[in-house]
Amino acid sequence: MKRAVIFNLGCKVNQYECDVLAQELAARGYGVSEELGYADLYIVNTCAVTAEAERKSRQVIARCRKHNPSARIMITGCASEKNKDFYIKSGVQYVSGVADKKAILTHLDGELAVNDARPAAFEEPDCVPAVSRTRAYVKIQDGCNNFCSYCIIPYLRGRSRSRDLSACVREIGALAGKTGEIVLTGINLSKFGQDTGTSLAELIEKIADVPVRIRLGSFYVEGVDERLLNALKGLKEFCPHFHLSLQNGDDGVLKDMGRKYTSREYLDKVALIRRYFPSAAITTDVIVGYPTETEEAFRNTLSFVREAAFADLHIFPFSAREGTRAALLAPLDPSVVARRKNELAKARDVLRTAYIDSMTGIPQKALFEEVRDGYAVGYSEYYLRIYTPCDVHVVGKCAIIIPTEKFHDGLKGEIYGK
C-alpha cells in the first residue's frame, strides 16, 4: 500500500480541504496520515496569514525530503498562491494555489504541473470528507470581501462565496452519525449566504434537529444578531463558544485597520450573546504593534479585553504582509511590540483563569478525545479542556462532567452518575 501524508499548515478551512483529499486518496488505496513521517506522497496545504506561517510553509519541503528524498511532493494553499515561483524552483512535482485543490488528484504521477486556476465560485467537494470520531469540519464559505489593511487573505482566497444551502445540510446530515461534533467553518463565516440569498441563521434553522453537537468556527461580530442567536438556541445540541474576531480594542486603530465596527458596537454584541448564552465562552484574536498603535491605543485595548471578559485571547504581533496597505507603514520598535504582547498575555492569563474558575461546579458535556497520564481528556461544549480519571471506554464519546477544580489548562471532574 502506498503511503500519503496530507500536512496542514493553515486554518480550519484548510483542514476541511485536507479531510476531503484524505478521503479521496483512501478511496484510491492510499494509507493516509496527517503526521509527517515516511511516505510515498506528501500533499502540503500551506498558509500565508503571517510571515511566520509562510516561513513554515517553505520549510516543510525540506522536512518531507528528510523522511523520503524520493517522495512526490505536492504544494497547494495560500502561501503557494502568493509565491508559486518559489515552490516551482524548489523541485516539487505539483504547485497550485487556493482554487481547484481536487485537481491534485489528477496529477499523482508525472512531471511538474502548475495549476494557475483562480477561485470564482464555491468549489463543491466530490465526497464527504474523512472525519475522526470526535470532530469534523464542514466548510460552508470561502473568501473575504473586507480587505482589512493588514490582511493578505482576500487577495489570495478571492471574494466571499457561499456553499449551496442544501449541500451544507446534506453533508452535515451525512456526518452526524460518524463524529461527535461538527464545526462550521469559513474564511468569513458571518458572510455565509449573502451572495446566494440565504443566511447562516437559515442554515442553522435547517439543521436544528441534527443529532450531533454543532460548533461555529471563527466569526465576525457584525454577523451576530437576534435571528442567529435564536436559531442557535434552537439547535438540538449547540456549543456556546463564540470566537469573535477583534484585532484591536482602540477605535482609531480599528479604523486604520479597515475594520467595520467600533469597540462599543463590539461590546454590545458580546452583551447580546450573553443574554442568550450567559455562560458562553467568548474568545478572540488581537494584533499588537499595528504601526499606528500608540501607547494610549494599546492601553485602550487592555481595558477593552478586560471589560469584554474574554475566556481566552489569541495574541499576534503585527506581521507586515507585502501587497497590503499596512505594509507601507513604518513599523514600531520590536521591543515595544514584544513588551505589549507580554503585557497583554498577562491580562489574558488572568481572564482565562477567571473564566475557568467561573465554570467550576457547572455541569458540562465533554467529548473525550484521548487518554493521557491516567486521564481521559476532551473538550466541553464551552471549549474548555476537561480531565476525568481514566476510562478508555469514553474516548470518542460524550459524558456529563461536574468539574470540581482547575487542573492543568482546564478543569477536572468525575463523570456524572458513574
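The values are calculated or read from the model by the stated rules, or taken from the named source; none is laboratory data. Worth saying up front: this structure is predicted, and the values here are computed from it rather than measured. Positions of Cβ are backbone-derived with ideal geometry, glycine not excepted, and every protein chain shown enters the neighbour counts. Calculation scope for accessible area: heavy atoms of the full protein, side chains included, ligands and nucleic acids excluded. Shrake-Rupley method; radii C 1.70, N 1.55, O 1.52, S 1.80 Å.
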Complete set of residues in segment 386-401 that are open to solvent by 60 Å² or more (accessible area, probe 1.4 Å), within 29 Å of Lys233 (Cβ to Cβ) and free of Cβ contacts under 8 Å to residues at least 60 places away in the same chain: Ile400
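Residues to consider are Ala39, Ala22, Ala27; find the one that is of a type in the set (A, V, I, L, M, F, W, C), more than 15 Å from Pro129 (Cβ to Cβ) and either surrounded by fewer than 22 Cβ atoms within 10 Å (Cβ to Cβ) or more than 14 Å from the chain's Cα centre (by Cα) (or both).
Numbers: Ala22 fails: more than 15 Å from Pro129 (Cβ to Cβ); Ala27 fails: more than 15 Å from Pro129 (Cβ to Cβ).
Matching residue, one of Ala39, Ala22, Ala27: Ala39.
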What number of residues in segment 42-70 are within 24 Å of the chain's Cα centre (by Cα) and free of Cβ contacts under 8 Å to residues at least 24 places away in the same chain? 2
List pairs: first residue in segment 247-266 and of a type in the set (Val, Ile, Thr), second residue part of a helix (DSSP H, G or I) and open to solvent by less than 10 Å² (accessible area, probe 1.4 Å) anywhere in the structure, Cβ distance under 9 angstrom, at least six positions apart or on different chains. Val253/Ala297; Val253/Phe298; Val253/Thr301; Thr262/Leu254
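In segment 150-171, what residues are farther than 30 Å from Thr324 by Cβ and free of Cβ contacts under 8 Å to residues at least 40 places away in the same chain? Walk me through how you get there before you give the answer.
At the first step, the residues of segment 150-171 found to be farther than 30 Å from Thr324 by Cβ are 164-171.
Scanning segment 150-171 gives Ser166, Cys168, Val169, Arg170.
Answer yes or no as to whether Ile152 is under 30 Å from Val210 (Cβ atoms), under 21 Å from the mean Cα position of the chain (by Cα) and of a type outside the set (Phe, Trp, Tyr). Let's see the steps before the verdict.
Numbers: under 30 Å from Val210 (Cβ atoms): no; under 21 Å from the mean Cα position of the chain (by Cα): yes; of a type outside the set (Phe, Trp, Tyr): yes.
Against the criterion (under 30 Å from Val210 (Cβ atoms), under 21 Å from the mean Cα position of the chain (by Cα) and of a type outside the set (Phe, Trp, Tyr)), Ile152 does not qualify.
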Please go through segment 318-347 and pick out each residue that is within 18 Å of Gly249 (Cα to Cα) and open to solvent by 60 Å² or more (accessible area, probe 1.4 Å). Arg339, Lys341, Asn342, Lys346
For Glu124, are the conditions met, namely being touching a residue at least 40 places away in the same chain (Cβ under 8 Å) and either open to solvent by 60 Å² or more (accessible area, probe 1.4 Å) or closer than 19 Å to Arg63 by Cβ (or both)? yes
I'd like to verify a number: residues in segment 340-385 that are touching a strand residue (DSSP E or B) at 6+ places or on another chain (Cβ under 8 Å), acidic (Asp, Glu) and touching a residue at least 40 places away in the same chain (Cβ under 8 Å), how many? 3
Just one of Thr360, Thr353, Thr283, Thr294 is exposed (fewer than 14 other Cβ atoms within 10 Å of the Cβ), of a type in the set (Val, Ile, Thr) and closer than 30 Å to Val395 by Cα; which is it? Thr353
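Residues in segment 181-190: is at least one under 18 Å from Val138 (Cα atoms) and open to solvent by 20 Å² or more (accessible area, probe 1.4 Å)? Spell out the reasoning first.
Here is the first cut: in segment 181-190, the residues under 18 Å from Val138 (Cα atoms) are 181-190.
Cutting the leftovers down to open to solvent by 20 Å² or more (accessible area, probe 1.4 Å) gives us 187.
Checked segment 181-190: at least one residue is under 18 Å from Val138 (Cα atoms) and open to solvent by 20 Å² or more (accessible area, probe 1.4 Å).
So, in segment 97-110, how many residues would count as being of a type outside the set (A, V, I, L, M, F, W, C) and in contact with an Asp or Glu (Cβ under 8 Å, 6 or more places away or on another chain)?
So in segment 97-110, the residues of a type outside the set (A, V, I, L, M, F, W, C) come out as 97, 100-102, 106-107, 109-110.
Then keep just the ones that are in contact with an Asp or Glu (Cβ under 8 Å, 6 or more places away or on another chain); that gives 97, 100-102.
Residues flagged as of a type outside the set (A, V, I, L, M, F, W, C) and in contact with an Asp or Glu (Cβ under 8 Å, 6 or more places away or on another chain) within segment 97-110 amount to 4.
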Hey, among Val221, Val131, Val183, which residue is out of contact with any Gly (no Cβ under 7 Å at 6 or more places or on another chain), of a type in the set (Val, Ile, Thr) and in contact (Cβ under 8 Å) with a residue 60 or more places away in the chain? Val131
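Which residues, counting only those in segment 150-163, are part of a loop (DSSP other than H, G, I, E, B) and crowded, with 19+ Cβ neighbours inside 10 Å?
Filtering segment 150-163 down to residues part of a loop (DSSP other than H, G, I, E, B) leaves 150-152, 158-160, 163.
Residues satisfying the conditions are Tyr150, Cys151, Ile152, Gly158, Ser160, Arg163.
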Write out, first by first residue and then by second, each pair whose Cβ atoms fall under 6 Å of each other, whose residues are 6+ apart or on separate chains, and whose first residue, in segment 136-148, is farther than 24 Å from Pro291 by Cβ while the second is of a type in the set (Ser, Thr, Tyr) and assigned to a strand (DSSP E or B). Tyr137/Thr185; Lys139/Thr185; Gln141/Ser162
For Ser166, which of the numbered conditions (1) open to solvent by less than 50 Å² (accessible area, probe 1.4 Å); (2) among the polar types (S, T, N, Q); (3) in a helix (DSSP H, G or I) fails to hold? (1)
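Is it fair to say Tyr383 is of a type in the set (Phe, Trp, Tyr), within 23 Å of Ile214 (Cα to Cα) and either in a helix (DSSP H, G or I) or touching a helix residue (DSSP H, G or I) at 6+ places or on another chain (Cβ under 6 Å) (or both)?
Working: of a type in the set (Phe, Trp, Tyr): yes; within 23 Å of Ile214 (Cα to Cα): yes; either in a helix (DSSP H, G or I) or touching a helix residue (DSSP H, G or I) at 6+ places or on another chain (Cβ under 6 Å) (or both): no.
No; evaluated as a whole, the condition is false for this residue.
Before we move on, is Ala176 at pLDDT 95 or above and either small (Gly, Ala, Ser) or within 19 Å of Thr283 (Cα to Cα) (or both)? Reasoning before the result, please.
Values: at pLDDT 95 or above: no; either small (Gly, Ala, Ser) or within 19 Å of Thr283 (Cα to Cα) (or both): yes.
Answer is no for this residue.
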Answer residue from segment 103-119, given it is touching a residue at least 60 places away in the same chain (Cβ under 8 Å) and surrounded by 17 or more Cβ atoms within 10 Å (Cβ to Cβ) and is farthest from Asp40 (Cα to Cα) among those: Ile104
Among the residues in segment 352-375, are any of a type in the set (A, V, I, L, M), closer than 26 Å to Tyr266 by Cβ and assigned to a helix (DSSP H, G or I)? yes
